[in-house]
Amino acid sequence: PICFQVTQLSPPVNVSVTPSSGTGTSQTFALTVSSAAGYQNIGWIQIIIGDSGSSVNCSVDYIAAGKYLYLNGAGQATVGNSGTIQNGACQINLGASSANGSGNNLTLNLAITFLSGMTGLQNIYMATSDNSGLVAPWQLMGTWTPASVASPPVNVSVSPSSGSGSSQTFALTVSSAAGYQNIG
């Protein structure tokens with residue numbers, strides 16, 4: 001008799017984001033994924049930190065072979081190299097970021113500083129693929145609230161600033177570092 005052993009391939013697993021919640025302008029997130037075939041079998045990890053109602057987000061693709069990092073709107077960089085990569089939402093310190101594997105788990109540590117475009121509660125989503133193309137789909141893994149440095153609104157101008165007459169339309173301009181929607 002001929003015997004065959006059938007091996008059922010199992011997809012990778014999105015394990016955790018640590019911390020999974022909190023507040024702050026800067027944070028190193030540990031994103032852990034797992035493959036039953038070993039951490040070397042992880043092909044890529046995708047992360048989105050953002051508010052579904054906003055186009056401003058920190059969207060990262062990590063390609064395990066080569067330790068390449070793609071940040072939306074900013075291009076490619078290599079984890080562990082010196083320097084930073086940034087878009088309008090976040091900045092990633094490459095030298096303070098790392099990827100380490102052990103057994104079945106791969107942990108991607110991303111040192112992220114959130115920029116002024118990121119305000120309010122942000123969701124953290126993660127998806128993973130292995131080298132054979134099996135995918136752990138998008139999962140909500142946590143939330144984060146970037147703490148912005150509070151600055152008061154500024155009175156910019158009144159136009160016209162002087163004159164005379166019984167009728168006039170004045171243009172009053174004020175500004176807030178957090179955006180015009182922050183004006184009370």
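One chain, two ends: Ser82 and Asn131. Fully extended at 0.36 nm per residue, the span grows by 14.9 nm beyond their Cα-Cα distance.
Here the chain has 52 percent of its accessible surface on carbon and sulfur atoms, given a 1.4 Å probe and all protein chains in place.
If r is the Cβ-Cβ distance from Thr28 to Ser55 and R0 is 45 Å, what FRET efficiency results, to the nearest 0.05? My answer for the efficiency is 0.95.
What Kirkwood radius, in Å to one decimal, follows from the Cα pairs of the chain?
The answer is 18.9 Å.
To the nearest 0.05, what FRET efficiency results for Asn100 and Thr145 with a Förster distance of 22 Å applied to their C-beta separation? Calculated value: 0.20.
The values are calculated or read from the model by the stated rules, or taken from the named source; none is laboratory data. Every value quoted in this text rests on a predicted model; they were computed, and no experiment measured them. Glycine also receives a Cβ, built like all others from the backbone with ideal geometry; neighbour counts cover every protein chain displayed. Ligands, DNA and RNA are excluded from the accessible area calculation, which covers all protein heavy atoms including side chains. Shrake-Rupley method; radii C 1.70, N 1.55, O 1.52, S 1.80 Å.
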